[in-house]
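One structure is given below, encoded as structure tokens.
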Amino acid sequence: MKERFIDKNGKEFNSYQIVGGNELSGIVSPGGSKNATFPILAASILLDEPIKLNNVPKIEDVGCFIEILDSLGATITYEEGNSLEIDPRSISETNVPSHLGSKIRGSYYLLGALLSRFGKASIPPPGGCSVGERPMDQHFIALEKMGYEFQVGETSALGQKRADWDEKQIIIKLPFPSRGATINTLLASSLSVGCRTKLINYNQSPETQSLIYFLQKAGVKIEILDDRLHILGTSRASLTDFTIIPDKIEAVTLLTAGLITKGDITVKNVIINHLRPFLDKLEQIGFKCVMGEHSVRVNSVDSDNLQPTDVISGLGPTDIDADFEPILASLLCTINGDSIIEDQMNPGRHSQFIPQLNKLGAHIDQISETRALIHGGTVFHSGEARCNEIRGGAALLLATLSAKGESVISNVSQIERGYEKLDQKLVKLGANITKFGK
């Protein structure tokens, strides 16, 4: 799944050279959602027949997850375009290899899926971006209420069903709407025949809703009642075809590329409701959002009257997704006035990208680990910066696209972990980006 670029000396390309200042314009579509793909891949373990998945993003992190499924015994068949078939019937292994599972955050969804099908599982500590600790405490607490017991060490978490467990009515109330804990609970309860699980304060993100829809289509009875789910486990989960939802974060990154370069980009093949919190912020700033049924175009009605706005990310259904925040931060740097950005979900993220953004001319003060103050009015200048994680890396790319002159961004494999051919899509919109080894 990973597309590698090798120069004539056998060195992998891992830097972008950007000649900024071009106005980006055109029509573009995002790929499949990385964050929605992980739960669906994990859920394929529950099925008793092969499934064809469509719109699967060809990025390194997804490729790693597929490699894990292969190591567990699944049969993977790649098809034309962004489709593949997974036959989970041959899975027999329940130990996720540490050298693979520790690379990506989404590997922890395998815990719920393997427990549901086999009653036991072992996973390594999950990996992913260096954006601060995101412990799995709520996952384990929820799963323990479902009759699983765990031995958690430094190198693995081993879970198995208690032999004496026979509860048929389970109530789980999450202290906050954790996406990871919600998804693992959904997966773990899906094959609990005759058991009804009530999950209160569940995560309502588009990625979670996509998994719920997948499981419902596969035969799991899930009733949605305000902030709670009622899940009735089934003895047979079966589904032959499913399409991954479009990537909302890629969509807003592409829209922002048009705004920050004073261009005119339309993003099509999107689900408007998934973008709504981001678009609301753009309208607060003063941009005009023109929405079609599955497309959106954003432009500045009066660039002299744009206003700063605060961006506080959260887990509520109308809150800004934490992954939107770095994208908005790059744009807010160019808006006159001061803005607050806050990311309670990823307390280490600001320290990863804000110093790099400041190297390109931004004026951002870190008030605390999770909160920062943007002094707007920046005209980004060319320079060198390093990607340390996916979304902050995208923010750096946006800044360099708006800066006149030649810039270099290194360690761009971080960006490509979450975006499929983002550089190539931007080039088609008028960007000047060259990939090289450094």
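The values are calculated or read from the model by the stated rules, or taken from the named source; none is laboratory data. All of these numbers come straight from a predicted model, not from anything done at the bench. Note that we place each Cβ from the backbone using ideal geometry, even for glycine, and neighbour counts take in every protein chain shown. The accessibility values were calculated without ligands, DNA or RNA, using every heavy atom of the protein model including side chains. Shrake-Rupley method; radii C 1.70, N 1.55, O 1.52, S 1.80 Å.
A few notes on this one:
- Extreme residue, least open to solvent (accessible area, probe 1.4 Å), among residues of segment 262-276 that are touching a helix residue (DSSP H, G or I) at 6+ places or on another chain (Cβ under 6 Å) and in a helix (DSSP H, G or I): LEU275
- Some residue of segment 151-165 being within 25 Å of ILE40 (Cβ to Cβ) and assigned to a helix (DSSP H, G or I): no
- Breaking point among (1) at pLDDT 95 or above; (2) open to solvent by less than 10 Å² (accessible area, probe 1.4 Å); (3) farther than 30 Å from VAL379 by Cβ, for ILE249: (3)
- Residue list for segment 74-95, filter: open to solvent by less than 50 Å² (accessible area, probe 1.4 Å) and within 18 Å of GLY112 (Cβ to Cβ): ALA74, ILE86, PRO88, ILE91, THR94
- Per-region count, segment 366-383, residues in a strand (DSSP E or B) and either within 26 Å of the chain's Cα centre (by Cα) or among the aliphatic types (A, V, I, L, M) (or both): 5
- Looking only at segment 218-234, and only at residues there that are over 16 Å from PRO88 (Cβ atoms) and in contact (Cβ under 8 Å) with a residue 24 or more places away in the chain, the one that is most open to solvent (accessible area, probe 1.4 Å): ARG228
- If you go through segment 72-113 and keep only what is part of a helix (DSSP H, G or I), among the aliphatic types (A, V, I, L, M), under 20 Å from GLN138 (Cβ atoms) and out of contact with any Gly (no Cβ under 9 Å at 6 or more places or on another chain), you end up with just ALA113.
- When each of LEU259, LEU239, LEU282, LEU315 is tested for being outside any strand (DSSP E or B) and open to solvent by less than 10 Å² (accessible area, probe 1.4 Å), the lone residue that passes is LEU282.
- Residue within segment 386-403 that is under 30 Å from PRO135 (Cβ atoms), of a type outside the set (S, T, N, Q) and without any contact (Cβ under 8 Å) to a residue 12 or more places away in the chain present: no
- Those residues of segment 170-202 which are of a type outside the set (Phe, Trp, Tyr) and in a loop (DSSP other than H, G, I, E, B), in sequence order: LEU174, PRO175, PRO177, SER178, SER190, LEU191, SER192, GLY194, CYS195, ASN201
- Residues in segment 157-214 that are open to solvent by less than 10 Å² (accessible area, probe 1.4 Å), polar (S, T, N, Q) and over 18 Å from the mean Cα position of the chain (by Cα): THR185, SER189, SER190, THR197.
- Given (1) in contact with a Phe, Trp or Tyr (Cβ under 9 Å, 6 or more places away or on another chain); (2) open to solvent by less than 20 Å² (accessible area, probe 1.4 Å); (3) at pLDDT below 95, number of the condition LEU328 does not satisfy: (3)
- Here LEU24 meets each of (1) more than 24 Å from the chain's Cα centre (by Cα); (2) open to solvent by 10 Å² or more (accessible area, probe 1.4 Å) with one exception, condition (2).
- Restricting attention to segment 19-63, the residues being assigned to a strand (DSSP E or B), more than 22 Å from SER235 (Cβ to Cβ), among the hydrophobic types (A, V, I, L, M, F, W, C) and in contact with a Phe, Trp or Tyr (Cβ under 8 Å, 6 or more places away or on another chain) number 1.
- Residue that is farthest from THR370 (Cα to Cα) [pool: residues in segment 288-307 that are surrounded by 19 or more Cβ atoms within 10 Å (Cβ to Cβ) and under 26 Å from the mean Cα position of the chain (by Cα)]: VAL296
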